[in-house]
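S.K.: Here you go, one structure.
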Amino acid sequence: VTGGAKKEALIGAVLNWEGTTIGTTTDTAGNFMLAWPDSFPSTLLIKFTGYKGKGIIFNGKSPDHILVNLDETTAQNEIVITDRQPASNFPLFQSINVEGITQRGLRKAACCNLSESFETNPTVDAAMTDAVTGAKKIQLLGLDGIYTQILFENLPLIRGLSSSYGLSYVPGTWVNSIYITKGVGSVTNGFESMAGQLNIFLLQPDPKADKFFINAYGNHLGRAEMNVHVNQQLNTNLGMTLLAHASTSQLKNDMNHDGFLDMPLYTQYNFLNRYNWKTSKGWEGQFGTKAVYEDRTGGQWAYNKSDDHSTSPAYGIGIRNRQAEVFNKAGYIFAKDGRSLGTMFTARYHDENMFFGRKEYSGIQQSLFASVLFQDRIDSTENSYTVGASFYLDDYREKFNDSAFSRTQMIPGIFFEYNQHITDKFTIVAGIRGDDDNISGAQLTPRLHLKYDIGDKTAIRISGGKGFRTANVFPENNSIFANSRKIIVEARDFTEIAWNYGGSVTRKFSFLKNDATFIIDFFRTDFTKQVIMNMENPGVLKIQELNGVSFANSFQVDLVLEPVKRFDVRMAYKYYDVETTYDGVLKTKALTPQHRVFLNLAYALPYDKWTFDFTTKWIGPTRLPEATVASTPSYFLLSAQVGRKYPKLELYAGAENLLNYKQKDPVIAANDPFGPDFDATRIYAPTEGITVYAGLRLKIN
């Protein structure tokens, strides 16, 4: 990067793609590494102290040098802050409907792990799976998280054994940004996206980032966490990031005095080490390792971890997860405009052991994923295509009580996606992939995304397509063990297939001279094949294949505005209509409220010296299993946080569930956990009351 009349390297220049959170800074030689945006053309914004910012339009070409003439500002001694990172962004230029959650949005709450990252965001819902394990699940478009493809920078993240507790294995401070796609995503990312996609981007080596970072957190219920980040630029071509996490909760709490712990005791250790590299020949990439160990113990207060759970008179729960993974990504950018080659690879080992009273489950999953992609343009920079191949391998060895299950699933596939700007206002992304599943058979997955721009402030998007997956019944539904129901497996085919279609309108406008965004969307998901957890009959849980209709309608309206400088407001309303056929009768899906209202207020003093956040959620009534109509009470959830920022230190404190609202009797028949009526899975509201927390973030340069 050069500036002024004299060509010289710009050290510490800030670069980012307009309308996104993808950005970086130049090093001491003026060099930088920056990922391409999701679509072209896109504008690269360049800012440098003492000079006026400038934007350069890119169409996919990767030049060896960027020459830019920057004009000096008239006031050399004045520093003007012209931009403030939003909590969420809704880029208009992308053909696929995507919402980005930035680090600013993640820090609106304590955000201890990924499952808690959506407390201040209305798009994704988070809820407890049961009253005894502490596990959380997410919902998108009214469907459980198993129908949302969750990725780590386009690599599989939550699959198989990690489905129940994997969200808690991604510490919040590790996350740089989250990209949420509603509906079907791109075929280049796989075939499993039905309700949507979450793409999680973690911290990467950055020569301008702080070399050392510490985050400490604690709450009044005994939960304590520590995160340590180490960032080191080893040389001009190699950078390293080490992320370490440790957390524990060893204080027993039983606020409702039912004899069961409100949350399990646990200890977790988490580790990630990644390296980014590049060469002068055009190659660049990253590789790394991840490891997780967690041990949870819960159940009745009287249960002792040293007791044999199979003979103990007290009901106990034990969950142990061990996971190790290696990953590698490499790419090459050719001299020709827009042509690139990329490869991705990950291998994972996961060992899970659990017991719920007298029920026992163990599972081992060995997985491998590999993908290669080639991208090029056709005739002009407005037309491009991506072609590639992928391979999934999953080997499962499971045991439930005295029954053993095993399977090896191999899915090779190929895909093609075409991106064309038909006019300046109309864009089409059409993709198709074919996969040969040795269990589900050959599958063809088409997807289509259309975008039309009305002026430069409004985008209309329509999408539709298919997704398929194989249900992993026990690891994806661990909460079914937390009751006395007899489990009957009637299903023989565990393939799930759904079609999703819908659209959105995004409108940017000015409100009191500040930026504002209005979004309205509707999506429908229709299942042609589905595995049903049927809990509509007393004392029995039947795992069945869908025999009838199953669909989910989702409607959401969002308003994001800034009435005055540094005062952000986000309001949202959501309506779900989710229905499934149980034993020949079409019923509203249990434990899925139809109505939700969201309000977040955030205010910051200049330079974020003080920050204040307040969030209110209203959750409407829902139907319980075996009931015919919605019968639970509606309720409010309120949370607040205040932060104080110093040059290298940030302090924060807050409270969740300020109204101290708790579900009455979350554990049914708690006094007889081995009896026929015991059930800890009918959870529609918090099981814990108010939670007060505090923490600090320390940066060392």
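S.K.: For region 201-223, does any single residue satisfy the condition of being out of contact with any Ser or Thr (no Cβ under 8 Å at 6 or more places or on another chain) and under 30 Å from Lys399 (Cβ atoms)?
M.R.: No, that holds for no residue.
S.K.: Identify all residues within region 608-644 that are modelled with pLDDT under 95 and not in a loop (DSSP other than H, G, I, E, B); write none if there are none.
M.R.: Of everything in region 608-644, just one residue is modelled with pLDDT under 95 and not in a loop (DSSP other than H, G, I, E, B), namely Asp608.
S.K.: Follow-up. So, Ala630, is that one within 23 Å of Gln103 (Cβ to Cβ) and in contact (Cβ under 8 Å) with a residue 12 or more places away in the chain or not?
M.R.: Taking the combined requirement at face value, the residue does not satisfy it.
S.K.: Pull up region 501-522, narrow it to residues that are under 22 Å from Lys565 (Cβ atoms) and open to solvent by 60 Å² or more (accessible area, probe 1.4 Å), then point me to the one that is modelled with the lowest pLDDT.
M.R.: Lys513
S.K.: Among the residues of region 88-106 satisfying the criterion of being over 15 Å from the mean Cα position of the chain (by Cα) and part of a loop (DSSP other than H, G, I, E, B), which is farthest from Tyr452 (Cα to Cα)?
M.R.: Result: Phe90.
S.K.: Might you let me know whether region 291-314 holds any residue that is open to solvent by 70 Å² or more (accessible area, probe 1.4 Å), among the hydroxyl-bearing types (Ser, Thr, Tyr) and touching a Lys or Arg at 6+ places or on another chain (Cβ under 6 Å)?
M.R.: Checked against the condition, which is being open to solvent by 70 Å² or more (accessible area, probe 1.4 Å), among the hydroxyl-bearing types (Ser, Thr, Tyr) and touching a Lys or Arg at 6+ places or on another chain (Cβ under 6 Å), region 291-314 yields at least one hit.
S.K.: Ok, one more. Determine if region 462-471 includes at least one residue that is in contact (Cβ under 8 Å) with a residue 40 or more places away in the chain, surrounded by 17 or more Cβ atoms within 10 Å (Cβ to Cβ) and of a type in the set (Ser, Thr, Tyr).
M.R.: Within region 462-471 (the criterion being in contact (Cβ under 8 Å) with a residue 40 or more places away in the chain, surrounded by 17 or more Cβ atoms within 10 Å (Cβ to Cβ) and of a type in the set (Ser, Thr, Tyr)), the answer is yes, since at least one residue qualifies.
S.K.: I've got another one for you. So which residues in region 624-666 are among the hydroxyl-bearing types (Ser, Thr, Tyr), closer than 17 Å to Asp608 by Cα and open to solvent by 70 Å² or more (accessible area, probe 1.4 Å), if there are any at all?
M.R.: Of everything in region 624-666, just one residue is among the hydroxyl-bearing types (Ser, Thr, Tyr), closer than 17 Å to Asp608 by Cα and open to solvent by 70 Å² or more (accessible area, probe 1.4 Å), namely Tyr646.
S.K.: Going by what's in this entry, would Arg461 be described as in contact with a helix residue (DSSP H, G or I) (Cβ under 7 Å, 6 or more places away or on another chain) and over 30 Å from Glu398 (Cβ atoms)?
M.R.: Answer is no for this residue.
S.K.: Is it true that Ala498 is open to solvent by less than 20 Å² (accessible area, probe 1.4 Å), among the small types (Gly, Ala, Ser) and either at positive phi or in a strand (DSSP E or B) (or both)?
M.R.: Yes.
S.K.: Tally up the residues in region 376-424 that are among the acidic types (Asp, Glu) and under 27 Å from Asn477 (Cβ atoms), please.
M.R.: 4
S.K.: Here is a follow-up. Return the total of residues in region 508-527 being in contact with a Phe, Trp or Tyr (Cβ under 7 Å, 6 or more places away or on another chain) and either hydroxyl-bearing (Ser, Thr, Tyr) or closer than 18 Å to Thr628 by Cβ (or both).
M.R.: 2
S.K.: Can you tell me which residue within region 431-445, out of those that are of a type outside the set (S, T, N, Q) and surrounded by 15 or more Cβ atoms within 10 Å (Cβ to Cβ), is nearest to Gln375 (Cα to Cα)?
M.R.: Looking at the filtered set, the residue picked out is Gly431.
S.K.: Which pairs turn up if I take residues in region 565-577 that are within 12 Å of Val597 (Cα to Cα) and look for partners that are crowded, with 19+ Cβ neighbours inside 10 Å and among the aliphatic types (A, V, I, L, M) with beta carbon separation below 6 Å, at least 6 apart in sequence or on another chain?
M.R.: Close Cβ pairs satisfying both conditions: Arg570/Val560.
S.K.: Restricting to region 592-605, name every residue that is in a loop (DSSP other than H, G, I, E, B) and open to solvent by 40 Å² or more (accessible area, probe 1.4 Å).
M.R.: Residues satisfying the conditions are Gln594, Leu605.
S.K.: Among the residues of region 148-163, is there at least one that is over 21 Å from Leu202 (Cβ atoms) and open to solvent by 10 Å² or more (accessible area, probe 1.4 Å)?
M.R.: Looking through region 148-163, none of the residues is over 21 Å from Leu202 (Cβ atoms) and open to solvent by 10 Å² or more (accessible area, probe 1.4 Å).
S.K.: Find all pairs meeting these conditions: Cβ atoms under 9 angstrom apart; at least six residues apart or on different chains; first residue within region 36-59 and at pLDDT 75 or above and open to solvent by less than 50 Å² (accessible area, probe 1.4 Å); second residue part of a loop (DSSP other than H, G, I, E, B) and aromatic (Phe, Trp, Tyr).
M.R.: Listed by first residue and then by second, the contacts come to Thr43/Phe93.
S.K.: Which of (1) over 30 Å from Thr297 (Cα atoms); (2) at pLDDT 95 or above; (3) not aliphatic (A, V, I, L, M) does Pro156 not meet, given it meets every other one?
M.R.: Going through the list (1) over 30 Å from Thr297 (Cα atoms); (2) at pLDDT 95 or above; (3) not aliphatic (A, V, I, L, M), Pro156 breaks only (1).
S.K.: Can I ask one more? From the list Asp608, Asp613, Asp672, exactly one residue is surrounded by 14 or more Cβ atoms within 10 Å (Cβ to Cβ) and free of Cβ contacts under 8 Å to residues at least 60 places away in the same chain. Which is it?
M.R.: Asp608
S.K.: Mind listing just one residue for me: the one in region 473-489 that is open to solvent by less than 10 Å² (accessible area, probe 1.4 Å) and polar (S, T, N, Q) and, of those, farthest from the chain's Cα centre (by Cα)?
M.R.: The residue in question is Asn483.
S.K.: Gly239 fails exactly one of the following numbered conditions: (1) more than 23 Å from the chain's Cα centre (by Cα); (2) surrounded by fewer than 22 Cβ atoms within 10 Å (Cβ to Cβ); (3) free of Cβ contacts under 8 Å to residues at least 60 places away in the same chain. What is the number of that condition?
M.R.: (2) is the only condition that Gly239 fails.
S.K.: Of the conditions (1) buried (at least 24 other Cβ atoms within 10 Å of the Cβ); (2) assigned to a loop (DSSP other than H, G, I, E, B); (3) at pLDDT 95 or above, Leu198 fails just one. Which one is it?
M.R.: (2)
S.K.: Right, another one. Checking the conditions here, which among Leu586, Leu561 is exposed (fewer than 15 other Cβ atoms within 10 Å of the Cβ) and in a strand (DSSP E or B)?
M.R.: Leu586
The values are calculated or read from the model by the stated rules, or taken from the named source; none is laboratory data. Predicted model only: the values in this text are computed from it and were never measured. Note that each Cβ is placed from the backbone with ideal geometry, even for glycine, and that neighbours are counted across all protein chains shown. In case anyone asks, the SASA skips ligands and DNA or RNA and just uses the protein heavy atoms, side chains included. Shrake-Rupley method; radii C 1.70, N 1.55, O 1.52, S 1.80 Å.
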